[in-house]
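Report on the structure given below.
The values are calculated or read from the model by the stated rules, or taken from the named source; none is laboratory data. Predicted model only: the values in this text are computed from it and were never measured. Note: ideal-geometry Cβ built from the backbone for every residue, glycine included; neighbour counts use all protein chains shown. With ligands, DNA and RNA removed, areas are computed over all heavy atoms of the protein, side chains included. Shrake-Rupley method; radii C 1.70, N 1.55, O 1.52, S 1.80 Å.
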Amino acid sequence: KAALGDMTFAVDETFAGKKASTATGVTNGIAGDLALNRADLAASRVGDIVVNVEQFHSDNNLRDARIRQDFLQSHQYPLATFDLEELTGLSGKVEEGRTYEFTIDGFVTVKNEPATVTWDATATWEDGKLVATATTVAKLSRFDAGPISIAGLVQTEDDVRAALRNALLER
């Protein structure tokens, strides 16, 4: 078994109608279990993953507070969840230094709004650790959480890019 690491997000934003930057943030408030079957990777299992939305933070505390309160409503819906449906393309046994590419399909629920999501994942076993990354793109509007507009000056795109990045230690 292994514990999960952190989750990052990135969304492009415009200021006064002109592309300004990409807002990025992270949360370490993530929990879930991965049961890695080193002899038969196809038999590996991922339990429900829970992300603490109230712990999302970026380089701008004021923006973070506004997004959590007005768009994510994190006081009312503090947790986002991911329920795994299927791992595809993960087979064979664990080999030192080999990189595995696979997809993870399931349901993400934010603000009690579920949506199907496919994560593209890579994982490498190195020095007793599984180093893994899974990425996806989702629509903020699908979860009634955007696009985000603050004072009519700053506005985000609808697409948010999310990544789970981990160094998973075998226990």
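The set of residues in region 69-80 being in contact with a strand residue (DSSP E or B) (Cβ under 8 Å, 6 or more places away or on another chain) and open to solvent by less than 50 Å² (accessible area, probe 1.4 Å) consists of LEU72, PRO78, ALA80.
Between ASP83, ASP40, ASP64, ASP48, the distinction of being surrounded by 12 or more Cβ atoms within 10 Å (Cβ to Cβ), over 20 Å from the mean Cα position of the chain (by Cα) and without any contact (Cβ under 8 Å) to a residue 60 or more places away in the chain belongs to ASP40 only. Just so you know, in region 14-30 the residues that are small (Gly, Ala, Ser) and open to solvent by 30 Å² or more (accessible area, probe 1.4 Å) include one that is nearest to THR81 (Cα to Cα), and it is SER21. VAL154 - would you say it is among the β-branched types (Val, Ile, Thr) and crowded, with 19+ Cβ neighbours inside 10 Å? It is false that VAL154 is among the β-branched types (Val, Ile, Thr) and crowded, with 19+ Cβ neighbours inside 10 Å. Only one of the numbered conditions (1) open to solvent by less than 60 Å² (accessible area, probe 1.4 Å); (2) of a type outside the set (Lys, Arg); (3) free of Cβ contacts under 8 Å to residues at least 40 places away in the same chain is not met by VAL11, and that is (3). Taking the criterion of being farther than 17 Å from THR22 by Cβ and of a type in the set (A, V, I, L, M, F, W, C), the residues of region 139-152 that qualify are PHE143, ALA145, ALA151.
Restricting region 113-132 to residues that are hydroxyl-bearing (Ser, Thr, Tyr) and within 26 Å of TYR77 (Cβ to Cβ) leaves a set whose member that is least open to solvent (accessible area, probe 1.4 Å) is THR118. SER141 meets each of the listed conditions (1) part of a strand (DSSP E or B); (2) closer than 30 Å to ARG63 by Cα; (3) open to solvent by less than 70 Å² (accessible area, probe 1.4 Å); (4) of a type outside the set (D, E, K, R) apart from (1). Would region 15-28 turn up any residue that is more than 30 Å from GLU95 (Cβ to Cβ), without any contact (Cβ under 8 Å) to a residue 40 or more places away in the chain and among the basic types (Lys, Arg)? Looking through region 15-28, at least one residue is more than 30 Å from GLU95 (Cβ to Cβ), without any contact (Cβ under 8 Å) to a residue 40 or more places away in the chain and among the basic types (Lys, Arg).
Among the numbered conditions (1) over 14 Å from the mean Cα position of the chain (by Cα); (2) crowded, with 17+ Cβ neighbours inside 10 Å, the only one that SER58 does not meet is (2).
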